[in-house]
Amino acid sequence: MPKVKETILELDLEALEHNYNYLRSKIHPSTMFLAVVKAFAYGSDSVIIAKKLEKLGVDYIAVAYAHEGRVLREAGIKTPILVLHAQPSNYTMVIKNCLEPSLYSPRVLREFLKTSKTEKQKAYPVHLKFNTGLNRLGFSENDIDYIAGQVEDRKELKIKSIFSHLAASEDKSEEEFSQNQIKSFEKIAEKFTSKLKIRPFMHILNTSGIFNYPEAQFQMVRSGIGLYGYGNEVRYDAKLRPVATLKTIISQIHKIEPNESVGYNRAFIAGGTKKTATLPLGHADGIGRQYGNGKASVLVNNMEAPIIGNVCMDMIMIDVTGIDCKEGDEVIVFGKGHSAEIFAAQVNTISYEILSGISHRVKRVVTGV
């Protein structure tokens with residue numbers, strides 16, 4: 001790729017394809033694959049990512065909210081789209097855009113039945129989420145009789161799948177809890193199919209679940225973070241490739257004398273002569289103030305340079321003392337060579353947060369098309 005001249009988020013579609021193929025290699029050929037592209041495809045670009053995934057042949061795409069699904073439909077995406085947290089106020093939008101909602105409580109089931117009747121739907125595809133221990137969203141096992149009573153003799157809906165979500169699939173110390181969730185889900189599925197006399201497909205595994213609980217693939221698995229290059233474990237991270245690399249440049253270099261300060265509130269005071277560089281990105285671009293004051297570092301010519309002083313809205317300053325660099329040189333904030341997992345861990349957070357928080361004013365540049 002040509003030398004960067006401004007702050008960009010580089011999106012490597014070859015890396016995306018590699019990650020998809022690696023994840024697929026971990027499941028049975030007959031197991032369906034759902035790709036999660038919520039939150040602008042984990043901070044990258046949902047349309048670009050979804051189009052590539054559709055070409056790769058994913059069976060389902062998932063978003064969090066209805067408007068995310070509408071954007072994909074307007075961009076020409078034809079793959080079935082599951083809306084994981086559709087709001088009742090958006091159910092008409094869901095139907096008009098041929099999106100498939102997750103229904104997770106008696107209230108939302110009633111609301112969707114009402115909307116689908118108003119919209120004169122027949123056999124509209126929906127997915128039912130059951131809570132097995134995450135305690136975030138989901139019907140309980142005790143709701144099965146209620147569900148049956150609501151949908152019997154109703155033609156508006158077709159239940160395509162039932163699913164749940166593992167709470168700690170990446171944590172080996174919680175293996176017993178995860179196994180109990182899987183058993184609970186199997187029990188729910190058995191009771192559900194017996195009561196309603198239907199057999200929707202089932203799914204419970206997320207990225208870490210694919211790696212750690214392959215015996216629980218059922219008919220479909222879901223992956224979000226894994227597609228973007230992170231496996232929540234060092235051995236799997238080594239097999240995956242970061243899709244997004246946040247790059248910027250050195251705008252200006254300063255020589256700082258002893259006892260001089262850098263940035264707002266004089267948060268950094270030089271203990272000796274220092275060389276600093278100013279970069280054109282800040283907390284308005286998704287690099288929060290917690291990354292400043294020596295907590296995190298970036299890469300300048302393959303050498304780590306700590307962020308010093310307070311992160312500004314549009315700029316950060318780094319210590320490049322001892323690093324051979326000049327104005328205009330490229331800087332890697334995270335991505336290839338300096339993973340988002342490493343960058344995020346420096347301030348005790350996770351890759352999901354830094355990835356999904358990159359502002360839309362940062363230009364997206366696609367490679368590996």
| By a straight-distance test (C-alpha under 29 Å), which lysines pair with K275 as possible cross-link partners, with residues fewer than eight away in the same chain excluded? | K3, K5, K247, K255, K295, K326, K336, K363
| query | Can you tell which of I225, N206, I188 lies farthest toward the positive end of the dipole of region 174-243, using +1 and -1 charges on the Cβ of basic and acidic side chains (Lys, Arg; Asp, Glu)? | reply | I188
| query | Relative contact order for region 100-184: what is it in percent, counting Cα pairs under 8 Å that are at least 6 residues apart? | reply | 32
| query | Relative to the first principal axis of the alpha-carbon coordinates of the chain, what is the inclination of helix 175-196, with its axis defined by its Cα atoms, in degrees from 0 to 90 and to the nearest 10? | reply | 30
| request: Post the alpha-carbon centroid distance, region 90-129 to region 278-298, in whole angstrom. | output: 42
| message | Calculate the FRET efficiency for E6 and D153 from the Cβ-Cβ distance with a Förster distance of 51 Å, rounded to the nearest 0.05. | response | 0.25
| request: Work from the charge dipole of region 1-52 (Cβ charges, +1 for Lys and Arg, -1 for Asp and Glu, about the Cα centre) and give the residue of L34, S46, Y20 farthest towards its positive end. | output: L34
| note | Computed for the chain: size of charge dipole around the Cα centre, +1 on C-beta of each Lys and Arg, -1 on C-beta of each Asp and Glu, debye to nearest 20, value 1300
| remark: If every Lys and Arg gets +1 and every Asp and Glu gets -1 at its Cβ, then about the Cα centre region 1-128 yields a dipole, in debye to the nearest 20, of 540
| note | Diffusion coefficient in µm²/s returned for the chain by Stokes-Einstein, Kirkwood Rh over C-alpha pairs, 20 °C and 1.002 mPa s, is 96
| remark: In the chain the accessible area split gives carbon plus sulfur, as whole percent at 1.4 Å, a share of 49
| field | Cβ charges +1 (Lys, Arg) and -1 (Asp, Glu), total dipole of region 233-369, debye | value | 240
| Mean accessible surface per residue for the chain, computed with a 1.4 Å probe while every protein chain stays in place, in Å² | 45
| Length gain on complete extension for the stretch E327 to K117, per 0.36 nm per residue less the alpha carbon to alpha carbon distance? | 69.3 nm
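The values are calculated or read from the model by the stated rules, or taken from the named source; none is laboratory data. Everything numeric here is computed off the predicted structure, so don't read it as measured data. So basically every Cβ, Gly included, is an ideal-geometry build from the backbone, and we count neighbours across all protein chains shown. Only protein heavy atoms, including side chains, enter the accessible area calculation; ligands, DNA and RNA are left aside. Shrake-Rupley method; radii C 1.70, N 1.55, O 1.52, S 1.80 Å.
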